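All remarks here apply to the structure that follows.
Each reported figure results from applying straightforward, stated rules to the coordinates on display, with no laboratory input. Just so we're clear, the structure is a prediction, and the values are computed from it rather than from any experiment. Cβ sites come from the backbone with ideal geometry, for glycine too, and all protein chains shown count toward neighbours.
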Amino acid sequence: MAKLEYDANGRLLFTEEMRQEYTILVPQMAPYHFEYLVTAMQTEGLNAELLRTTDYALINEGMKYSHNDICIPAMLVIGQFIDAIKKKGIDKHKVALIITQTGGGCRASNYIKLLRKALRKAKLEFVPVISLNANGLEKNPGFKLTPRLLHKLHDAIVLGDLMMNLINQTRPYEKKPGDVQTLKAAIDIRLQSYFNHNSLFTWGRLKKEIAEILARFQALDLTTESKPKVGVVGEIYVKYSPLGNNHLEQTLEDEGVEVVTPPIYDFFLYSFDSRAHDIKRYGGPKKEYWILKLLVWYVEIRREKIRKAMRAAGFQAPIAYKKLKSLIKGVIDVGTHTGEGWLLTAEMIDLIQHGAPNIVCTQPFGCLPNHIAGKGMFKKIKSLYPESNIVAIDYDTSASRINQLNRINLMVSNAFRNMKERS
């Protein structure tokens, strides 16, 4: 067993010895993306394992070891971790946990502290917790964000966004049910080998993979029927996680609509850009400001090539981050960036302008940033876009699924009626 080491503040460290012996458990937060993120970590020598448990028992574990007033993403992630340690049959003395930490004003920045508190309560205080952050909030000798790992994580997010977009645009129209899922499984297997490289310059490699993916989706046998488009926005966990939103994507598709979910990479660019904004407005290291601006610029150059390839293949591509940011001018200030902040409002406007005026705004119960930048902006958005059909859905461990479904079904019914009236 690896020797436990602590920093000056008493925090249990993830050591180099642990890197060699421990399994790092990763919570499932975005199914289209985290498969690739975990594969990227594995190719860099990290024994990472993605958790896929979705049974109700993990919710009970989360409620048992955390305060029930904490928002549902924290309870689900904590519950998924503790449930896995108890049930997976792995050596609990050779397991580590990893969780993201933004460092912003949202309660999500405190999840890591809540998780450690829950581990102590569950008598698992010897399990190290790794903070995955870009702010240098916590450092561990056995886990370092090297340039090559960051590069692979970038590619994983890009590929996850691409797959999510293509699947959402094709699965509702497949003539033979299951074709899209079969194609996804085949591509996932193919991409497992994509991350096995030691280079920092892989644009040619990525470009080839994207061309192949687009060609295979183009070859699908699809219907030409028209369906209402329903956008999904909100707090980042319940927006993407089927566990957090009661399988919202599948629920909507079963109702006969096409789901449109904005790219997850926009959230990361928004986070980098928000920090740069604060430095410019309130002061801070100029070097950091220019690094952040350069990072956003570089990522957008790469993403624009993918957007062009999508459009050339006949698919609808997301708009550029700069364009997305411009949509909120005169609507909400760019300084509003606690939680999802202005990005949430911008995504709703973007969806409306690009044929998806029907929107589900997902929010954990009691999520103040979402209530302000999401539900709080409905009146303004509806005054600018009368055709908008928006519903806010609260997600909580005690929330009634029947109530959620009733509200979603009402919004979908309005979507079909509005589409019929426009035709």
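Summary of computed values
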{"item": "Listed residues 366, 314, 376, most fluctuating in the chain (Gaussian network, C-alpha, under 10 Å)", "result": "314"}
{"item": "Gain on full stretching of the segment that runs from residue 280 to residue 201 - 0.36 nm per residue minus C-alpha separation", "result": "25.3 nm"}
{"item": "Residue 418-residue 67 pseudo-label distance in nm [points 7 Å out on the Cα-to-Cβ vector]", "result": "3.9"}
{"item": "Difference of contour (0.36 nm per residue) and Cα-Cα distance, residue 208 to residue 123", "result": "25.7 nm"}
{"item": "Choice from 288, 174, 340 with maximal GNM fluctuation in the chain (Cα, 10 Å cutoff)", "result": "288"}
{"item": "DSSP bridge orientation in the stretch 16-144 - percent antiparallel, rounded to nearest 5", "result": "10"}
{"item": "Between the stretch 360-397 and the stretch 40-97, the Cα center-to-center distance that results, in Å", "result": "29"}
{"item": "GNM result for the chain, Cα springs below 10 Å: residue of 405, 97, 137 fluctuating most strongly", "result": "137"}
{"item": "Relative contact order for the stretch 16-144, counting Cα pairs under 8 Å that sit 6 or more residues apart, in percent", "result": "26"}
{"item": "Estimated distance in nm for a label pair at residue 329 and residue 300, the labels positioned 7 Å out from Cα along Cα-to-Cβ", "result": "1.3"}
{"item": "Average Cα contact separation per residue, the chain, under 8 Å, 6 or more apart, as relative contact order %", "result": "16"}
{"item": "Rel. contact order, % - alpha carbon contacts under 8 angstrom, at least six apart, the stretch 246-380", "result": "19"}
{"item": "Förster radius 30 Å - calculated FRET efficiency between residue 189 and residue 410, Cβ distance, rounded to 0.05", "result": "0.15"}
{"item": "Alpha-carbon centroids, the stretch 274-347 and the stretch 212-255: separation in whole Å", "result": "23"}
{"item": "Normalised convex hull volume, the stretch 16-144, alpha-carbon set, Å³ per residue", "result": "106"}
{"item": "Share antiparallel - DSSP beta bridges, the chain, percent rounded to 5", "result": "10"}
{"item": "Amide H contacts under 5 Å for residue 260, placed H, 5+ residues apart", "result": "230, 231, 232"}
{"item": "Spacing of the two label points (7 Å from each Cα toward its C-beta) at residue 90 and residue 9, in nm", "result": "2.6"}
{"item": "Helical segments meeting 27 Å axial Cα length and Kyte-Doolittle 1.6 threshold in the chain (DSSP H)", "result": "none"}
